[in-house]
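Quick notes on the structure that follows.
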Amino acid sequence: MPPIKMTPMPKLRTLWARIKGQANQTREDAALDEEIHEHIALLEERYVAQGMTASEAAHKARRQFGNITALKERQRAQRGILSPSEWLRDLRFGLRMLAKRPASNAAVVLALALGIGMNGAVFTFVNGLLLRPPQGVRATNKLIEVWLHNPTAGGLQSYAPFSYPDFAFYRDHTKSLEGLMAFDGDGSNVIWNRNGTGETAYGQLVSGNLFSLLGVHAALGRTLSVDDDRIESPRQVIVLSDTFWKTKLGGDPNIVGRTLILNGSQFVVVGVAPAGFTGLLVATTPQFWAPLAVEQQFTHDAKDRLTSRDSYWLIVAGKMRSTRDRKSVQAELHVLAQQAWLQRTHKDDFLDAVVYPLTLVPGPFRIYVGAFTGGLLAVFALVLLIACANAASLMLARATGRAREMATRAALGAGRLRLLRQMLVESLLLAAIAGAAAIAIASATAQLLMKLMPSNLPISLDIPLDWRVVLFTTTVSLAAGVVFGIAPALRASAAQPSRVLKDESPTAGSKNSRMRGVLIVAQMAMCVVLLAGAALCVRSLFNANAIDPGFDIHHIALARLDPSSLGYSPEKIQDFYARLLARVQQLPNVTTASYAQFLPLEMSRSETKVRKRLGNDAEAISVDVFRFEPGLFDTMGIPLLRGRDLTPKEADNPTPDAIVINEYLARRLWPGQDPIGKHLVFGDAKALSEVVGVVKNGKYRTLGEGPVAVVFRGYLPPMRTLVVRTAGNSRTLLDEIRREVPLVDPLMTATDVQTIEDFMALPLFPARTTGWLLGVSGVMAVIMTAIGLFGVIAYVVSQRTREIGIRMALGARRSDVMKLVMTQGVYLTAIGLVIGLCAAFGAARLLSPLLYGIGATDPATMTAVAIGLTAIALLACYLPARRAMHVDPSVALRCE
C-alpha cells in the first residue's frame, strides 16, 4: 500500500490570514508602520556609522528602502479581503469627482434611470403575472395544476380545461396527491338582489376542498367544505371576499348566517375569506365563492355542466403529497388519462393530463405571456444598452482627461487593481443614483402602462412594487454600472506613468477614440433596430385606426343583458326584451335599436359548417355565425348590398328559414351568380335556409384578419347585447340605458355598458400597445444616440484643437476643417446604419403578427428610418464641426 501524502492547504491558510487581517486593520497598519520605521532607522544608523551626515543617511536609507506607499498597498491587498475604510475613501473621492461635473452627470443619470426604469416597469408585469405566488396560500411549492392536452394537436388550442365528470374521476382515483380541487376559470357575473334592485357581483364556483387544500382559513365564520359540495345534496352557501364584505356590506360583523339573493336564488353567507386572498387566477378578483354543486342555481341553464363530459370549464389544481414530486404525479395522471378515455362511450381524441406548477397564469398560457413580456424587456434592454454606451463614452473621455492623475497615483505606488477600483466606484455611484430614480420611474411607468389597457377588458391586474422589483432594478443598476464603467476603468488603470508624466500621452487618434467610435457604431446600430420597429408599429397603429371594420364606430351605445340568470321563463325573457326595446327607442336622439348575440370583433364567437345542398356528400365550408334581430344592420351601419333584412317572424324561428350572408361567402359559393334565393344547409340539419340578403365584408375576429365567411341568422339566446344608435353623443346615452333597465324590471341590471369607441379599444389594444411602447423606445434611442454622437465629435474636436490650428495656420480653409470633422461622424454613422439595417430586417419579422396593413420589411419605412437617422447624425456632427471652423490658430497653438 503506497504511503498517504498529506497535502498542505495553502489556500485555506491564506483565506484565514486574510480574514484575520481584515478584522485587525488598524492594529496591522500600526504594526506595519512601526516595522517600516525600524527598518529605515537601522539603515540610517548603518550609514551614519559609515561617516555620512544624518540628513545624507536618512535620504539614502529611504531611497534604498523603496516606495513606502506601494509597500503598504501590497501589504493591505495581501492581508485583507475587503477594506471598508478604503472603500469609504474611494466613495468619498468618487462623490467629490461627480460633484465637479453636475450637468454631464445629471444627463448620464437621467438616461440610465429612464433605461433602467422602463425595464423595471416591464418587470413589474413579469413579477405580477409570472413570479408572484398566489397570495394567502400555504406550501405553494407543493401545488400543481393539471390541464388536458391533445397530443395530436398543436398550439394553445391543444389544451383544454376539465369537464366535471373527468375532474371527479381524477379526484377519486389519484393516489399521489393529497387532494384535487377545481374552480371555474371564467367566473360568473351574477345579479345581486340588493334591497329590491339589481346589482352586479362577480363570483367563482369552486370545489368544496379548495380552501382546505390551499391552507386558507376564514377571517370570519368558516370556509367551504366537502359536504357543501355534494351533487346529491348541495348547500346554497357562499364565502365572501374581504373586499366585498367591507365595501359592499360595511364590514358587518354579523354577516355570517345572513342570506344574499344571487341570480334569484338564496345563498347563506358562511364566512369571509382572509384579506389578500383573491383565488388562484391572475387578473380576477372574485367577490364571493360558491360550491360547484350549485352551478344550476347560478346559470339556470338547461344544459347541466355537472353531468356533461363535453363541457370543458374547470381549471384543476392539486396538492402533492410530501413524498411525491411533479414527475411521479405526471406519470400517475398519464395512466388515469388513458383509463378515463377508455371509459368514454364515444371515443373522441385522446386527451392526456399535463402537470404544471401552480401559478397565477395557467400553465399553457405562460409561454405566451413570457414571450410578450420577454420581447418588451428585450426592447428596453436595447434602450438601456444605448444609455450605457453614452455613459461609457463620457467615462472614457474623463479617463483620458485624468490620465496624468492616474499616472501620478501609479507612480506613487497605487497598483492597477487599486486604480481600477477607484474608477469602478465612480461608475457604480452613477448607476446607484440612476437605480434609485429608476424605481420611481418604474412605478410611475407601470401605472401608465395599465392605462393603455382597455376599460372593457374584464381583468383586474395587481402589479405591486415589491422586493422582487426592487431587487431586479438594483441588480440591473449595478450591472449597468459595471458594463459602462469597466472599459474606461481598464483604460485608466493601464496608464503608463513614464509616458504620461513626460507628456507622451496619445492624442485623439488613440485607442480611447477608437473605443468611443465602436460605442457610437453600436449605439447607431441599436437605434436603427429600435427606430425601425417603432416606425413599423406606429404606421401599423395608424393603419389599424383607418381599417374599416365593416360597421360604424361612432354614435352607438352597447349594453349586455341576461334575464335568464334570474331563472325567467322564455316568455318572460321575450317580454322583458320587447318592453326594454320600446322604452329605449323612445329616448331622445335615439334613431334605431336592436339586439345581437354578440358583435363582430368581440372575444366570443360561434362557428359551424354549411353546405350548398342536403346530404353529407356535399362540400362543407366553415363559417362564423352571428345571431341578430331585424334592424341590427341599420343600427350598426352594416351596408346591405343586395336583398333584404330578416322579418320579425323569420328572426323568431328556431330553424333558420332565411339568412343573410357576407359578400365573401357569396363569391366563394356562387361566383358570378346572384346569391339571393340560393340555399344553404347548417351542419347536419334536414332543412334548407334561403339567402335573402348580402352584406358588405367586415372584420369579425381581428382587425388584421383576411376574408372570413359569415352567416347572419335569427333566434337569439337569452343573453344578448342591446345596440342603440343615437344622433347625439353616445356617452350621454349610457346612463339613460342604465336607468331604463330597472324601470322595466327592478331586479335586472345591465353589464358591459359602453360606447362603440370603448368596444373598439380591445381590438386595437395590440396595435396601440406596441405602437406606444416601441414609439417611446425609438424616440429615446434617437435622442440618446444623437447626444452620444455629438459628444464623441465634440471630444474629438477638443483633442485635435492643436492639429486644427496648425492646419489653418498652414492655409487650410474652413470648409476643409468642416470636411475633416464631418468625415469621421459620417463614417461612424454609415457603419452603424449598415449594421443596424441588417439587424432590423431580421428583428422586424418578429413583429409581423402585430402589424396591420404593412409588411415587416417595408422598404419605405426602412428607407425613411435610414434617411431620418442620417439627418439627425449629420446635425449632431455639424454643431461641433461648426465650432472647429472658428478655431483661432494663434490661440490654439498658444494654448498647447
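The values are calculated or read from the model by the stated rules, or taken from the named source; none is laboratory data. In this text the structure is predicted, and so the values were computed from the model without any measurement. No Cβ is skipped: glycine too gets one built from the backbone with ideal geometry, and neighbour counts run over all protein chains shown. Please note that ligands, DNA and RNA were not included when accessible areas were found on the heavy atoms of the full protein model with its side chains. Shrake-Rupley method; radii C 1.70, N 1.55, O 1.52, S 1.80 Å.
Taking Lys and Arg as +1 and Asp and Glu as -1, the other residues whose beta-carbon sits under 11 Å from that of Leu601 total +1.
The residues of region 105-181 expose on average 34 square angstrom of accessible surface per residue, using a 1.4 Å probe on protein heavy atoms.
Counting Lys and Arg as +1 and Asp and Glu as -1, what is the net charge of the other residues whose Cβ lies under 15 Å from the Cβ of Leu875? Don't skip to the answer; put the middle values down first.
Details: positive: Arg882, Arg883; negative: none.
With Lys, Arg at +1 and Asp, Glu at -1, the net is +2.
Region 623-688 and region 303-345 have their alpha-carbon centroids 42 Å apart.
Taking a ≥ b ≥ c as the square roots of the eigenvalues of the Cα gyration tensor, an a/c ratio of 1.5 or more together with a/b larger than b/c marks region 174-255 as prolate.
The Cα trace of the chain gives Rg and Dmax of 37.4, 132 Å, the first to one decimal, the second as a whole number.
Cα centroids of region 186-216 and region 787-849: 65 Å apart. Look at the dipole of the chain built from charges on Cβ: of Leu360, Leu419, Ala391, the Cα furthest out on the positive end belongs to Leu419.
Counting protein heavy atoms only, the chain has 59 percent of its accessible area on carbon and sulfur, 1.4 angstrom probe.
For region 720-812, take N as its residue count and report Rg(C-alpha) divided by 2.2 N^0.38 Å.
It is 2.51.
Between 0 and 90 degrees, the angle of helix 164-173 with respect to the longest Cα principal axis of the chain falls at about 60 degrees.
Using θ = phi - 60° in the Karplus curve 6.51 cos²θ - 1.76 cosθ + 1.60, the 3J(HN,Hα) couplings for region 38-47 round to 5, 4, 5, 4, 5, 5, 4, 4, 4, 6 Hz; x is entered for Gly and Pro.
Shown for region 235-287 is the translational diffusion coefficient from the Stokes-Einstein equation, using the Kirkwood radius over Cα pairs, a temperature of 4 °C and a viscosity of 1.567 mPa s: 111 µm²/s.
Positive-end ranking of Tyr878, Gln586, Phe267 along the dipole of the chain, with charges on Cβ about the Cα centre, is headed by Tyr878. Which of the trypsin sites (Lys or Arg not before Pro) found in region 114-191 are in a DSSP loop and have at most 11 neighbouring Cβ atoms, other than their own, within 10 Å? When the trypsin sites (Lys or Arg not before Pro) of region 114-191 are filtered for loop state and at most 11 Cβ neighbours within 10 Å, Lys175 remain.
Using a/c under 1.5 as the rounded threshold, could you call region 210-337 rounded, prolate or oblate? The axes a ≥ b ≥ c are square roots of the C-alpha gyration tensor eigenvalues, and prolate needs a/b larger than b/c, oblate otherwise.
Oblate, because a/c is 1.5 or more while a/b does not exceed b/c.
About the centre of its Cα atoms, region 708-851 shows a dipole size close to 860 debye [charges on the beta carbon of Lys, Arg (+1) and Asp, Glu (-1) only; nearest 20 debye].
Once the C-beta distance of Trp341 and His217 is scaled by a Förster radius of 35 Å, the resulting FRET efficiency is 0.35 to the nearest 0.05. The ratio of the alpha-carbon radius of gyration of region 709-758 to the globular-protein estimate 2.2 N^0.38 Å is 1.37.
Where does the Debye-calculated log10 I(q)/I(0) of region 548-625 sit at q = 0.27 Å⁻¹, using only Cα point scatterers of equal weight, no solvent? Listed by q, the Debye log ratios stand at -1.29.
Computed with a 1.4 Å probe over protein heavy atoms only, the accessible surface of region 224-283 comes to 42 Å² per residue. Once the mean of 1/r is taken over each pair of separate Cα atoms and inverted, region 277-356 shows a Kirkwood hydrodynamic radius of 15.8 Å. With the helix formula -39500 (n - 2.57) applied to DSSP H stretches of n ≥ 4, the chain reaches a computed 222 nm mean residue ellipticity of -17000 deg cm²/dmol. With semi-axes defined as the square roots of five times the eigenvalues of the C-alpha gyration tensor, the equivalent ellipsoid of region 737-781 measures 40, 8, 7 Å, largest first. Between Ala860 and Asp634, the modelled labels are 4.0 nm apart [label points 7 Å from Cα along Cα→Cβ]. The Rg/Rh ratio for region 81-186 is 1.31, where Rg is the radius of gyration of the alpha carbons and Rh is the Kirkwood radius. On the basis of the beta-carbon distance and an R0 of 30 Å, Arg92 and Ala444 show a calculated FRET efficiency of 0.40. Accessible surface for region 571-650, divided over its residues, is 53 Å² per residue with a 1.4 Å probe.
Over the Cα atoms of region 573-616, Rg to Rh with Kirkwood Rh, two decimal places?
Ratio of gyration radius to Kirkwood radius for region 573-616: 1.21.
Rounded, prolate or oblate: which fits region 645-793, taking a ≥ b ≥ c as square roots of the Cα gyration tensor eigenvalues, rounded meaning a/c under 1.5, else prolate when a/b beats b/c? Spell out each step's value before the answer.
Working: a/c = 3.65, a/b = 1.59, b/c = 2.30.
Oblate.
Put a plus charge on the Cβ of each Lys and Arg, a minus charge on the Cβ of each Asp and Glu, and nothing anywhere else: the dipole of region 713-755 about its Cα centre is then about 200 debye.
Size descriptors for region 527-670 (Cα atoms only): Rg and Dmax, in that order, 20.0, 65 Å. Residue-wise HN-Hα couplings along region 139-147, as the Karplus relation 6.51 cos²θ - 1.76 cosθ + 1.60 with θ = phi - 60° gives them from phi, are 6, 5, 6, 9, 8, 10, 10, 10, 10 Hz; Gly and Pro carry x. Label points 7 Å out from Cα along the Cβ direction at Gln50 and Lys612: separation in nm? About 11.8 nm, to one decimal.
What order, most packed first, do the peptides 179-185, 522-528, 332-338, 784-790 have when packing is the mean number of other Cβ atoms within 10 Å of each residue? Working shown, then result.
Details: 179-185: 22.1, 522-528: 26.3, 332-338: 17.1, 784-790: 23.9.
Highest-to-lowest ranking by the protection proxy: 522-528, 784-790, 179-185, 332-338.
Annotation: peptides 285-298, 564-577, ranked by per-residue average of other Cβ atoms within 10 Å with the highest first, follow the order 285-298, 564-577.
Where the alpha-carbon atoms of region 674-753 are placed on the principal axes, they occupy 44, 32, 22 Å, in descending order.
With a cut-off of 8 Å between alpha carbons and a minimum separation of six or more residues, what is the relative contact order of region 251-383 in percent? All intermediate terms of the calculation are to be shown ahead of the outcome.
Numbers: 68 pairs, mean separation 22.8, N = 133.
Once normalised by length, the contact order is 17 percent.
Using the structure shown, list the pairs from Lys649/Lys678; Lys142/Lys246; Lys327/Lys609 with a Cα-Cα distance above 30 Å, or answer none. From the list (Lys649/Lys678; Lys142/Lys246; Lys327/Lys609), the Cα-Cα distance tops 30 Å for Lys142/Lys246; Lys327/Lys609.
This model, with +1 at the C-beta of Lys and Arg and -1 at the C-beta of Asp and Glu, gives region 216-340 a dipole about its Cα centre of some 320 debye.
Quick one: Kirkwood hydrodynamic radius for region 147-294, alpha-carbon pairs, angstrom, one decimal? Walk me through the intermediate numbers first.
Values: mean 1/r = 0.0611 Å⁻¹.
So the Kirkwood estimate lands at 16.4 Å.
Over all distinct Cα-Cα pairs of region 748-896, the Kirkwood formula returns a hydrodynamic radius of 19.0 Å.
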